[in-house]
Protein chains: 2
Amino acid sequence: MGELRKRIRKTSLHARIMSAEDTVPFFKNGMDLGWSGFTPVGYPKVVPAALADHVEKNGLQGKMRFNLFIGASIGGEVEDRWASLQMTDKRWPYQTGKVIQKQVNDGTVRMGDKHLSLYAQDLAYGFYTKDNGGRFDLGLIEASGITEDGGIILAGSIGVAPEVIQNADKLIIEINTAIPSFEGLHDIVMTERPPFKKPYLVTRVDDRVGSLHVPCDPDKIVAIVESRMPDNGRPLSPPDEISEQIAANILDFFQFEVKAGRLPKNLLPLQSGVGNIANAVVGGMVKGPFANVKVWTEVLQDTMLDFFDSGKLDFASSTSLSLSVDGFKRLYADWEKYTSRVVLRPIQFSNHPEAIRRLGVIAMNTPVEFDIYGHANSTLVGGTRMINGIGGSGDFLRNAYLSIMHTPSTRPSKSDPTGITCVVPMVPHVDHTEHDLDVLVTEQGLADLRGLCPRERAKEIVDKCVHSDYKPIMQDYFERARRECFERNVGHEPHMLFKVFKMQQKLAEKGTMKIDNWD
Amino acid sequence: MGELRKRIRKTSLHARIMSAEDTVPFFKNGMDLGWSGFTPVGYPKVVPAALADHVEKNGLQGKMRFNLFIGASIGGEVEDRWASLQMTDKRWPYQTGKVIQKQVNDGTVRMGDKHLSLYAQDLAYGFYTKDNGGRFDLGLIEASGITEDGGIILAGSIGVAPEVIQNADKLIIEINTAIPSFEGLHDIVMTERPPFKKPYLVTRVDDRVGSLHVPCDPDKIVAIVESRMPDNGRPLSPPDEISEQIAANILDFFQFEVKAGRLPKNLLPLQSGVGNIANAVVGGMVKGPFANVKVWTEVLQDTMLDFFDSGKLDFASSTSLSLSVDGFKRLYADWEKYTSRVVLRPIQFSNHPEAIRRLGVIAMNTPVEFDIYGHANSTLVGGTRMINGIGGSGDFLRNAYLSIMHTPSTRPSKSDPTGITCVVPMVPHVDHTEHDLDVLVTEQGLADLRGLCPRERAKEIVDKCVHSDYKPIMQDYFERARRECFERNVGHEPHMLFKVFKMQQKLAEKGTMKIDNWD
């Protein structure tokens, strides 16, 4: 309790300290809730657990349902438990967890996803809660402290916490005393409404333009609860041979671009998604020839600590410290060294086109699949089944100096080790269009699409990216589509529209996308 | 000649004055050419005509082919004549004209399209001409004058003229003496390269942050040619009953949003595309209840002059004066009145996410079709045949405060007056995704998609936007897709993937999209 009181520097707020159980009456069925949290760090833990206990003990399953607006994913122990107890109705804009994912796809949970920078902005504009006056009934925020003026010092992620604090009628703050105070690590700007929005005056990754805490009317804080539950973080996906090869293809490309004078020697600020390819790329940078590198991204994973340790990474901006349990230990053990080179910002800022274009970010993300003309599917397997959500991929890919997507050329199906090709004639769902992507990479090679017309792109992608098991099928598709479309003068981007998902159909029926022909 | 010399205030450049015919030797087969011009105003006219004459007279068809990089469309008399003479190889990023369109779709012309703000930027970065050191061999610019320092005073459009002037090895300037000097009407900022890019410090539509002319090394100017050919401009598409109804739906929505406190009384800066719906919307604004309105867009059509005349439009920012012949007459007759309230900017600025988000633009554009989940096709009929290009629609729709797409609910086929539905289960080509669009409108009604999950969006769109001839077909599709996908827990966004283009197939075979059932 001593540490808790020390963290709440506005002493009049000590009177609002209560147990997690005591917050249960604040929650009513059907409420719009805004939470802190991002990939899964910095989300409230003890209050959601107490409410879940309450629902479970009292048999309130299906009678206490909520609309959850969070920055991105939160820990499965909260997400899936709430879903299991039928507590989740709407869920924006991203989720991970087996139970929640099933419910998103069986119609139980109403999920929506939007580019994170737009999502944060529209949240502040009140678009998602417009039937509720644009407000949240309740905001739930994990913080590491409160200033003398009631300003909220957030914890290991920012996400949409500022927008939630701004638009919530009431706030419950969880102060996490199991982690250090993160004061000094944040660069907070609030979402203003037009016509009164102002520029974000960053011209370098390490510029600071905001404040160290989120301003907050202390009268909105109805409860402060101590939490001693550390973030479980995100375990690291180890790189495999294929992702190492993809990373090597990308690093070769960077060297080529530097030589051609289109990239400076220290590159431009890197954005790298999550997953084993992203980790292999950062692993490659650790051993690679580029120094004085900067990172402008939305998640920092453990490999970034290695990157700092290598002396080659100068500075990193993110919205979340998406570290593993071991990663957090490393961070806390060498706090000054790492945190003097890191800043965390709200997603409406970290993912804002204004910053991404001005800084000239190099964006790298993994899709489910891409097609021969350069459209990519990031969210819906088979065009219908949601995995996690679009996240920030569209913010970065649309606005980057170089937009790169990387994927293995194939994935195994149940019966065939290369039963699924990740390069298809037409993706069954488009999250990123041909107008957005510059470079596509698999372990087979790298296709540089800049300046190419669709037919040239198809040739380049099939030549460079497709696995040998699928090359004849894809070449045949393109040749036939070309011939058929040219005959009717409709061949800017040739397709056989009425056969285009034949490979997906074979997968559904036979467990492999290897079709015999396109007849 | 007196007027021409007067327009060239840097007198040492008078020595470069020559006839259009004399510029022919500057052109070599295979060159990368950058031109001024946008929707079709401000493009070079006499030099392209002289070169076409040369090709025609000397039987050089197919032996003098060029890669053309322009802001958007140019006049058909140049575009189609060059295409007819097989002079056009690559063509970026937008075209109008029967001959060029045919060639784009039969494989003769290699066209590519990208969001205009990105296109301009990537042009400056040298991405489209990277095999040529990122340069243009020759830039062709229509201007209305040259300053004492060699600065280029552009004419009725800006487009990518600054980027062309910046990156061209040699420049031919057409000074158009049939139009007034446009000095004072332009707000020019150049495209800087990262890591040295700076903010665009506009916070109001009528802020000015750039210069009145494009800086230019006079040694690059190899020829100056007088032109007396006025812009033919863009004839106005008159509104019809359907577009009037769509406009009425949109104006009702604006009033609703003002009442709800989500829009200020004078709205937010409007972006409106071209075509009869756009003109009906502006027509509605002229008679409507909103005053002190501002416009931040890429094209100003004749209806904007009516809007100014009504006293309700305060200021307009654009990249082009896309007026009709009569519209230009009105402009020139009342030059001071109109031009004191208009500014023209480069497309990398007019279409930049930074400005569009900060100002909170309301974007309105017409697609070919949209689907029940909120994806839109703006470019490829049937997924393969290019019409014009994506233009700036994606720049505005992705970044707007409100993203609106409007279309008639049906269009006639050859045999059926409602043979084509513009609301389909899945668009066969995606230019704008479900993550980008807020509001869809037809003459049937308006669907507000903000905060809805895909299945809710489908219900709203089918209820509000679909024509009665297609409502049962679409309802049946959605219900069956929902049932089938929920059974397999794959129904976040339900589809029957292997039947999804059945309506398009019927159109191809029977001339109507009215199918009997989804079996």
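For A:GLU183, state whether it is within 30 Å of A:VAL46 (Cβ to Cβ) and assigned to a loop (DSSP other than H, G, I, E, B).
yes
Condition check ((1) in a strand (DSSP E or B); (2) farther than 29 Å from B:PRO40 by Cα) across all residues:
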| position | (1), (2) |
| --- | --- |
| B:ARG398 | no, no |
| B:MET405 | yes, no |
| B:MET426 | no, yes |
| B:HIS435 | no, yes |
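Quick check: is even one residue across the range B:336-355 within 14 Å of chain A (Cβ to nearest Cβ), within 30 Å of B:ALA458 (Cβ to Cβ) and within 13 Å of the chain's Cα centre (by Cα)?
For the range B:336-355, residues within 14 Å of chain A (Cβ to nearest Cβ), within 30 Å of B:ALA458 (Cβ to Cβ) and within 13 Å of the chain's Cα centre (by Cα): absent.
Need a quick list: helices (runs of 4 or more DSSP H) entirely within the range B:452-517 having at least 2 residues that are of a type in the set (Asp, Glu) and within 34 Å of the chain's Cα centre (by Cα).
The helices (runs of 4 or more DSSP H) meeting that bar are B:454-465.
Any residue in the range B:491-519 that is within 11 Å of chain A (Cβ to nearest Cβ) sitting within a Cβ distance under 6 Å of a residue that is β-branched (Val, Ile, Thr) and assigned to a helix (DSSP H, G or I)? List the pairs, counting only those 6 or more apart or interchain.
Within 6 Å, the pairs are B:HIS492/A:VAL104.
Given the conditions (1) part of a loop (DSSP other than H, G, I, E, B); (2) touching an Asp or Glu at 6+ places or on another chain (Cβ under 8 Å), and given that A:VAL343 satisfies all but one, which numbered condition is not satisfied?
Looking at each condition in turn, A:VAL343 falls short on (1).
Restricting to the range B:372-390, name every residue that is outside any loop (DSSP other than H, G, I, E, B) and either free of Cβ contacts under 8 Å to residues at least 60 places away in the same chain or polar (S, T, N, Q) (or both).
B:ASN377, B:LEU380, B:VAL381
Taking the options A:ASP431, A:ASP463, name whichever one is among the charged types (D, E, K, R) and surrounded by 24 or more Cβ atoms within 10 Å (Cβ to Cβ).
A:ASP431
Conditions (1) hydrophobic (A, V, I, L, M, F, W, C); (2) more than 14 Å from every other protein chain (Cβ to nearest Cβ); (3) within 18 Å of B:TYR338 (Cβ to Cβ), marked per residue:
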{"position": "B:LEU267", "(1), (2), (3)": "yes, no, no"}
{"position": "B:ALA278", "(1), (2), (3)": "yes, yes, no"}
{"position": "B:VAL281", "(1), (2), (3)": "yes, yes, no"}
{"position": "B:MET285", "(1), (2), (3)": "yes, yes, yes"}
{"position": "B:GLY288", "(1), (2), (3)": "no, yes, no"}
{"position": "B:ASN292", "(1), (2), (3)": "no, no, yes"}
{"position": "B:THR297", "(1), (2), (3)": "no, yes, yes"}
{"position": "B:PHE308", "(1), (2), (3)": "yes, yes, yes"}
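Which one of these does A:GLY71 not meet: (1) over 25 Å from A:GLY145 (Cα atoms); (2) in contact with a helix residue (DSSP H, G or I) (Cβ under 7 Å, 6 or more places away or on another chain); (3) more than 14 Å from chain B (Cβ to nearest Cβ)?
Going through (1) over 25 Å from A:GLY145 (Cα atoms); (2) in contact with a helix residue (DSSP H, G or I) (Cβ under 7 Å, 6 or more places away or on another chain); (3) more than 14 Å from chain B (Cβ to nearest Cβ) one by one, A:GLY71 breaks only (1).
Can you name the residue in the range B:84-113 that is in contact with a Gly (Cβ under 7 Å, 6 or more places away or on another chain) and under 18 Å from B:LYS63 (Cα atoms) and, of all such residues, is nearest to the other protein chains (Cβ to nearest Cβ)?
Looking at the filtered set, the residue picked out is B:GLY107.
Within the range B:406-415, is there a residue that is over 23 Å from B:SER318 (Cβ atoms) and within 12 Å of chain A (Cβ to nearest Cβ)?
no
Could you check the range A:26-40 and list, in sequence order, the residues that are more than 14 Å from A:VAL160 (Cβ to Cβ) and either crowded, with 24+ Cβ neighbours inside 10 Å or not assigned by the TED database to the domain that holds A:ASP89 (or both)?
Correct list: A:PRO40 only.
Quick test for you: out of A:PRO180, A:PRO194, pick the one residue that is assigned by the TED database to the domain that holds A:LYS28, free of Cβ contacts under 8 Å to residues at least 40 places away in the same chain and touching a helix residue (DSSP H, G or I) at 6+ places or on another chain (Cβ under 8 Å).
A:PRO194
Need a quick list: strands (runs of 3 or more DSSP E) entirely within the range A:257-327 having at least 1 residues that are over 21 Å from A:GLY184 (Cβ atoms) and not assigned by the TED database to the domain that holds A:ILE158.
Ranges flagged: A:270-272, A:293-296.
Looking only at the range A:189-203, decide whether some residue is assigned to a loop (DSSP other than H, G, I, E, B), aromatic (Phe, Trp, Tyr), under 30 Å from A:GLN61 (Cβ atoms) and within 12 Å of chain B (Cβ to nearest Cβ).
The answer is no; no qualifying residue exists.
Could you tell me which numbered condition A:GLY273 fails, if it satisfies all but one of (1) in contact (Cβ under 8 Å) with a residue 60 or more places away in the chain; (2) within 14 Å of chain B (Cβ to nearest Cβ)?
Result: A:GLY273 passes all but (2).
Table: residues versus (1) surrounded by fewer than 24 Cβ atoms within 10 Å (Cβ to Cβ); (2) assigned by the TED database to the domain that holds A:LEU267; (3) out of contact with any Leu (no Cβ under 9 Å at 6 or more places or on another chain); (4) farther than 19 Å from A:TYR119 by Cα.
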residue: A:MET364; (1), (2), (3), (4): no, yes, no, yes
residue: A:PHE370; (1), (2), (3), (4): no, yes, no, yes
residue: A:ALA376; (1), (2), (3), (4): no, yes, no, yes
residue: A:THR379; (1), (2), (3), (4): no, yes, yes, no
residue: A:ARG385; (1), (2), (3), (4): yes, yes, yes, yes
residue: A:ARG398; (1), (2), (3), (4): no, yes, no, no
residue: A:LEU402; (1), (2), (3), (4): no, yes, no, yes
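Determine, yes or no, whether A:LEU251 is touching a Gly at 6+ places or on another chain (Cβ under 6 Å) and surrounded by fewer than 24 Cβ atoms within 10 Å (Cβ to Cβ).
Criteria met by A:LEU251.
Considering the range A:464-500 alone, what residues qualify as being over 27 Å from B:LYS506 (Cβ atoms) and of a type in the set (A, V, I, L, M, F, W, C)?
Listed by number, the residues that qualify are A:CYS465, A:VAL466, A:ILE473, A:MET474.
Can you confirm whether B:ASP314 is surrounded by fewer than 20 Cβ atoms within 10 Å (Cβ to Cβ) and either under 29 Å from A:GLY374 (Cβ atoms) or modelled with pLDDT of 95 or more (or both)?
yes
Could you give every pair whose Cβ atoms fall below 7 Å, whose first residue belongs to the range A:221-242 and is hydroxyl-bearing (Ser, Thr, Tyr), and whose second residue is assigned to a helix (DSSP H, G or I) and surrounded by fewer than 22 Cβ atoms within 10 Å (Cβ to Cβ), counting only separations of at least 6 or pairs across chains?
From the range A:221-242, the pairs are A:SER227/A:VAL46; A:SER237/A:ASN276.
Just one of the numbered conditions (1) over 20 Å from B:ALA280 (Cα atoms); (2) touching a strand residue (DSSP E or B) at 6+ places or on another chain (Cβ under 9 Å) is not true of B:LEU440; which one?
Condition (1) is where B:LEU440 drops out.
Quick grid of which residues meet (1) within 13 Å of B:GLY283 (Cβ to Cβ); (2) not assigned by the TED database to the domain that holds B:ALA168:
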residue	(1), (2)
B:LEU212	no, no
B:ASP217	no, no
B:LYS220	no, no
B:ALA223	no, no
B:GLY233	no, yes
B:LEU236	yes, yes
B:ALA247	yes, yes
B:ILE250	yes, yes
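For the range B:444-472, give me the residue count where each residue is of a type in the set (Gly, Ala, Ser), in contact (Cβ under 8 Å) with a residue 60 or more places away in the chain and within 13 Å of another protein chain (Cβ to nearest Cβ).
Counting residues in the range B:444-472 that are of a type in the set (Gly, Ala, Ser), in contact (Cβ under 8 Å) with a residue 60 or more places away in the chain and within 13 Å of another protein chain (Cβ to nearest Cβ) gives 1.
Looking only at the range A:201-235, which residues are closer than 30 Å to B:ASN266 by Cβ and touching a Gly at 6+ places or on another chain (Cβ under 9 Å)?
A:PRO215, A:ASP217
Identify the residue in the range A:1-44 that is assigned to a loop (DSSP other than H, G, I, E, B) and of a type in the set (Ser, Thr, Tyr) and, among all such residues, is nearest to A:LYS220 (Cα to Cα).
Once the filter is applied, the top-ranked residue is A:SER36.
The values are calculated or read from the model by the stated rules, or taken from the named source; none is laboratory data. Nothing here was measured: the structure is a model prediction, and the numbers come from that model. Neighbour counts are summed over all protein chains in view; Cβ atoms, including those assigned to glycine, are modelled from backbone coordinates with ideal geometry.
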